[in-house]
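In what follows, a single structure is set out as structure tokens and then discussed.
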Amino acid sequence: MNKRIIGLTGGIATGKTTVANYLASAYNLPIFDADIYARDAVAVGSPILSAIAHRYGEEILLPDGSLNREKLGAIIFSQPDERHWVESLIHPYVVARFEQVIAQSSSETLLLVIPLLFEAQMTNLVTEIWVVSCSDLQQLQRLVQRNHLTPEQAQSRINSQLSLSEKAARATIVLDNSSTPESLLKQIDIALSTN
């Protein structure tokens, strides 16, 4: 059986979660999320978390021994070399988890939510690529509001990813999330029905 494996990506705060939630609820599609696997990768007691603590010191950990994401974020979003180092530990773990679930799933259509699909070179895991897009200003405003960041902090996070226009140029399907939620859902219905 040839599986249809949709790689869902887009910029930070463009609406990937909205798309994934809709596909799960309306179509009962199995959803596998890179962010969840990335969190598993740095679970308390994991070798990856130990390596991060060794590099940045114990202050990168919270009192319960878990990763202080805010502190790590401050480091990696201001220092590209450090971001690449952390990603070089986490991405292989995430790829291995995706390969495992793809092999084990009996579903014909799967959705892999991979924010860094292009940046982490994971395109070979999927059979088609959907990119959720919106205007640059909307993306910035949504991120500031959602994560309670300053516009400068939000912009540095946006800048750490490939631009939306580059992602859209490499997509099989572009979902435009700059107007109404209804418009987005209609585009998802059409995208899923065209194979």
**OP:** Can you tell me which residue within the stretch 132-156, out of those that are of a type in the set (D, E, K, R) and surrounded by fewer than 18 Cβ atoms within 10 Å (Cβ to Cβ), is nearest to the chain's Cα centre (by Cα)?
**Re:** Arg146
Subject >> Pro80 surrounded by fewer than 19 Cβ atoms within 10 Å (Cβ to Cβ), at pLDDT 95 or above and not hydrophobic (A, V, I, L, M, F, W, C) >> reply: no
Subject >> Unmet requirement for Pro63, which otherwise passes all of (1) touching a residue at least 12 places away in the same chain (Cβ under 8 Å); (2) assigned to a loop (DSSP other than H, G, I, E, B); (3) not β-branched (Val, Ile, Thr) >> reply: (1)
Original post:
Any chance the stretch 103-111 includes a residue that's exposed (fewer than 14 other Cβ atoms within 10 Å of the Cβ) and in contact with a helix residue (DSSP H, G or I) (Cβ under 9 Å, 6 or more places away or on another chain)?
Top reply: no
Original post:
Between a first residue in the stretch 11-25 that is assigned by TED's automatic domain parsing to the domain that holds Arg142 and modelled with pLDDT of 95 or more and a second residue that is of a type in the set (Asp, Glu) and surrounded by 18 or more Cβ atoms within 10 Å (Cβ to Cβ), which pairs have beta carbons less than 8 Å apart while being 6 or more apart in sequence or on different chains?
Top reply: Ala20/Asp33
Original post:
So which residues in the stretch 152-182 are among the basic types (Lys, Arg) and within 19 Å of Thr123 (Cβ to Cβ)?
Top reply: Lys167, Arg170
Original post:
Does the stretch 60-71 contain at least one residue that is surrounded by fewer than 17 Cβ atoms within 10 Å (Cβ to Cβ), at positive phi and not hydrophobic (A, V, I, L, M, F, W, C)?
Top reply: yes
Subject >> Residue ranges of helices (runs of 4 or more DSSP H) in the stretch 1-59 with at least 1 members surrounded by 18 or more Cβ atoms within 10 Å (Cβ to Cβ) and of a type in the set (D, E, K, R) >> reply: 16-27
**OP:** Identify, from the list Val144, Val86, the residue that is in a helix (DSSP H, G or I) and without any contact (Cβ under 8 Å) to a residue 24 or more places away in the chain.
**Re:** Val144
Original post:
Which of the residues spanning the stretch 154-186 are under 30 Å from Ala74 (Cβ atoms), part of a helix (DSSP H, G or I), out of contact with any helix residue (DSSP H, G or I) (no Cβ under 8 Å at 6 or more places or on another chain) and not basic (Lys, Arg)?
Top reply: Ser156, Asn159, Ser165, Glu166, Ala168
**OP:** Please work out which residue is farthest from Asp33 (Cα to Cα), limiting yourself to the stretch 89-113 and to residues that are under 20 Å from the mean Cα position of the chain (by Cα) and not in a helix (DSSP H, G or I).
**Re:** Thr109
Original post:
Among the residues of the stretch 175-195 satisfying the criterion of being surrounded by fewer than 18 Cβ atoms within 10 Å (Cβ to Cβ) and among the β-branched types (Val, Ile, Thr), which is farthest from Leu29 (Cα to Cα)?
Top reply: Thr180
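The values are calculated or read from the model by the stated rules, or taken from the named source; none is laboratory data. What you are looking at is a predicted structure, and each value in this text was computed from that prediction instead of being measured. All Cβ positions, glycine included, derive from the backbone under ideal geometry; neighbour counts span all protein chains shown.
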